[in-house]
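See structure below.
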Amino acid sequence: MRTITITVNGLSREATVEDNELLLNVLRDKLGVTSVKAACWRGECGLCTVLLNGLPVKSCMTLAVEADGKEVVTAEGLYSDERARKLQESFVEHGAMQCGFCTPAFVVTSHYVLSRDPEIDGEDLKRELSGVICRCGTYYQIYDAVRDARKYYKDKNL
Amino acid sequence: MSFTTPYFTLPKFTYYKPDNVSEALSLLKQHNGKARVLAGGVMLVNMMKERMALPEAVIDIKGIGELKGIDITDKGVEIGSAVTASELQKSEIIKKRCQPLAKAASYMGDKILQNSVTIGGNISIGMPSTDGLPALMSMDASLEVRSADNVRTIPSSDLVVNIGRTVLRADEMITKIVVPHTEGVTGTYAKFLNASEVAISTAALSLSLTQKKLRIAVGAISAKPYYFDQSLLGWKWDGHLEENIKTSVEIIGSSVKPMSDAVAGSEYRREVSKILVARALKDLFGGA
């Protein structure tokens, strides 16, 4: 067992973990961050995606100890970002979900994608979001929601 | 690979995060075959979930600066083994001088996994599905392999022995990839996936019109990629492109012995490989 410190959504958090624990388990079970979903457990579905030091990674493929001293952002943490809040509203407006289980991962990933490239469209957008799977198949509503939210990421005042 | 095991836990191991390569190598030596190197973790973590890898020590090399460089030196382009697929695609050096690799990196897993996947990990697992190895072979890349006591350089084409088996000893790791003669070399990479996104065949091409060099590596159809150069392909630099492509594709089709498995049969893989190579050659010479 060792104690690690992770900045989760802006707050410094400590957790006592085994070397072989996955970041996914620690976030959900020890730190109470439940927007991070556990589904396939093998890096395929992307529902456990978090931003680790700003980059999207799948937390079922990441050891908790690897995140020691790093910063993790999940869907909960995006609330403080005005653009990301508008992005989430856009998901609602476009009905970009059916069961909603994949929504946090899609929000986190599309926030990252739009922050880097607010002009993204077409095949590029689909490719950038290819790491997250929606079993209900609401992809087209998700693409619409993200495309519609581009204006907030281009807006310098937000 | 079994799909019935619950993959929620990992076996017990001790995690190490060395600051530099020599520390990592002495840890590997110290654990005498019972340690595994963790880079992106994309393969290793899943293998541990399946209990296909049971290391007593896991050595995380991701944060080691020495393994993260992409530099132009007198040997060519030198790439650290812990450079990620995302970093390869963003690098101006790779985009300009190692085109097959830049494109191959865009096929390594999905966009999120590409932030984790490393070039060293992608090739050193020794699986036929590697995108990195055919790309490196098409550029005649060599690999710097280090252990605590030794440094050796091997051609990328010598890395894989059989499926899941490489020439790397348990105390060794790939530290660097060297791509020689990259000036004026263009290239491309093509991949054909089945509906579950498993590779049927891949083709990596490198072309230098000034040096009259054309190299093709066909991957994912056998334990290790097949390599062809202009002489093996009977390429005529003053001949018609259509004729050249026809001859090359026939030669490749008749010399490869693709594997048959649950993903695809041997003959299907052969036909797909021929089509991939033909298309990639058209693309490459169309743009040259």
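The values are calculated or read from the model by the stated rules, or taken from the named source; none is laboratory data. Bear in mind that the values here come from a model prediction, so they are computed numbers and not experimental data. Note that each Cβ is placed from the backbone with ideal geometry, even for glycine, and that neighbours are counted across all protein chains shown. Note: accessible area is taken over every heavy atom of the protein model, side chains too, but ligands, DNA and RNA are not part of it. Shrake-Rupley method; radii C 1.70, N 1.55, O 1.52, S 1.80 Å.
General remarks:
- Meets criteria (within 14 Å of another protein chain (Cβ to nearest Cβ) and either within 22 Å of B:Asn46 (Cα to Cα) or out of contact with any strand residue (DSSP E or B) (no Cβ under 7 Å at 6 or more places or on another chain) (or both)) for A:Leu114: yes
- For the range B:18-76, a residue qualifies if it is of a type in the set (A, V, I, L, M, F, W, C), under 19 Å from B:Ser147 (Cβ atoms) and outside any helix (DSSP H, G or I), and the qualifying residues are B:Ala35, B:Val37, B:Leu38, B:Ala39, B:Ala57, B:Val58, B:Ile59, B:Ile61, B:Ile64.
- Here the condition is being among the hydrophobic types (A, V, I, L, M, F, W, C) and facing chain A (nearest Cβ under 9 Å); of B:Met48, B:Met52, it holds for B:Met48 alone.
- Counting the residues of the range B:226-251 that are part of a loop (DSSP other than H, G, I, E, B) and either touching an Asp or Glu at 6+ places or on another chain (Cβ under 9 Å) or of a type outside the set (Ser, Thr, Tyr) (or both) gives 10.
- In the range A:131-149, the qualifying residues are those that are in contact (Cβ under 8 Å) with a residue 24 or more places away in the chain and either of a type in the set (Phe, Trp, Tyr) or within 11 Å of chain B (Cβ to nearest Cβ) (or both), and the one that is most open to solvent (accessible area, probe 1.4 Å) is A:Ile133.
- Selection status of B:Ala262, surrounded by fewer than 13 Cβ atoms within 10 Å (Cβ to Cβ) and not assigned by TED's automatic domain parsing to the domain that holds B:Pro134: yes
- Here A:Glu44 clears all of (1) open to solvent by 10 Å² or more (accessible area, probe 1.4 Å); (2) modelled with pLDDT of 95 or more; (3) not assigned by TED's automatic domain parsing to the domain that holds A:Gly137 except the condition numbered (2).
- Residue in the range A:114-130 that is surrounded by 15 or more Cβ atoms within 10 Å (Cβ to Cβ) and in contact (Cβ under 8 Å) with a residue 40 or more places away in the chain present: no
- Flag if B:Gly126 is at positive phi and either at pLDDT 95 or above or surrounded by fewer than 22 Cβ atoms within 10 Å (Cβ to Cβ) (or both): yes
- The C-beta contact set for the range B:234-257 (first residue assigned by TED's automatic domain parsing to the domain that holds B:Ser273 and closer than 18 Å to B:Arg215 by Cβ, second residue surrounded by 10 or more Cβ atoms within 10 Å (Cβ to Cβ) and basic (Lys, Arg), distance under 7 angstrom, 6+ apart or interchain) comprises B:Trp237/B:Lys212; B:Asn244/B:Lys236; B:Ile245/B:Lys282; B:Val249/B:Lys274; B:Ile252/B:Lys274; B:Gly253/B:Arg270; B:Gly253/B:Lys274; B:Val256/B:Arg270.
Residue-by-condition table, conditions (1) farther than 22 Å from B:Ala105 by Cα; (2) at pLDDT 95 or above:
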site: B:Leu193; (1), (2): no, no
site: B:Gln230; (1), (2): yes, yes
site: B:Lys236; (1), (2): yes, yes
site: B:Ala280; (1), (2): no, yes
site: B:Phe285; (1), (2): no, no
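- Output for the range A:56-106, where each listed residue is of a type in the set (Gly, Ala, Ser) and either crowded, with 20+ Cβ neighbours inside 10 Å or more than 14 Å from chain B (Cβ to nearest Cβ) (or both): A:Ser59, A:Ala64, A:Ala67, A:Ala75, A:Gly77, A:Ser80, A:Ala84, A:Ser90, A:Gly95, A:Ala96, A:Gly100, A:Ala105
- Filtering the range B:61-99 to residues that are open to solvent by less than 10 Å² (accessible area, probe 1.4 Å), within 26 Å of B:Gly164 (Cβ to Cβ), under 20 Å from the mean Cα position of the chain (by Cα) and without any contact (Cβ under 8 Å) to a residue 60 or more places away in the chain leaves B:Ala82, B:Val83, B:Ala85, B:Leu88.
- Summed over the range B:171-213, residues that are farther than 13 Å from B:Ala135 by Cβ, in a loop (DSSP other than H, G, I, E, B) and of a type in the set (A, V, I, L, M) total 3.
- Against the test of being farther than 28 Å from B:Ile64 by Cβ, surrounded by fewer than 17 Cβ atoms within 10 Å (Cβ to Cβ) and not assigned by TED's automatic domain parsing to the domain that holds B:Gly41, the options B:Ala199, B:Ala148, B:Ala223, B:Ala203 yield a single qualifying residue, B:Ala223.
- Just one of the listed residues (B:Lys246, B:Lys274, B:Lys282) is touching a helix residue (DSSP H, G or I) at 6+ places or on another chain (Cβ under 6 Å) and among the basic types (Lys, Arg), and it is B:Lys274.
- Among the residues of the range A:6-32, those that are open to solvent by less than 50 Å² (accessible area, probe 1.4 Å), assigned to a strand (DSSP E or B) and out of contact with any helix residue (DSSP H, G or I) (no Cβ under 6 Å at 6 or more places or on another chain) comprise A:Thr7, A:Val8, A:Leu22.
- Matching option when the condition is hydrophobic (A, V, I, L, M, F, W, C) and under 20 Å from B:Ala105 (Cβ atoms), among B:Ile221, B:Ile216, B:Ile252: B:Ile216
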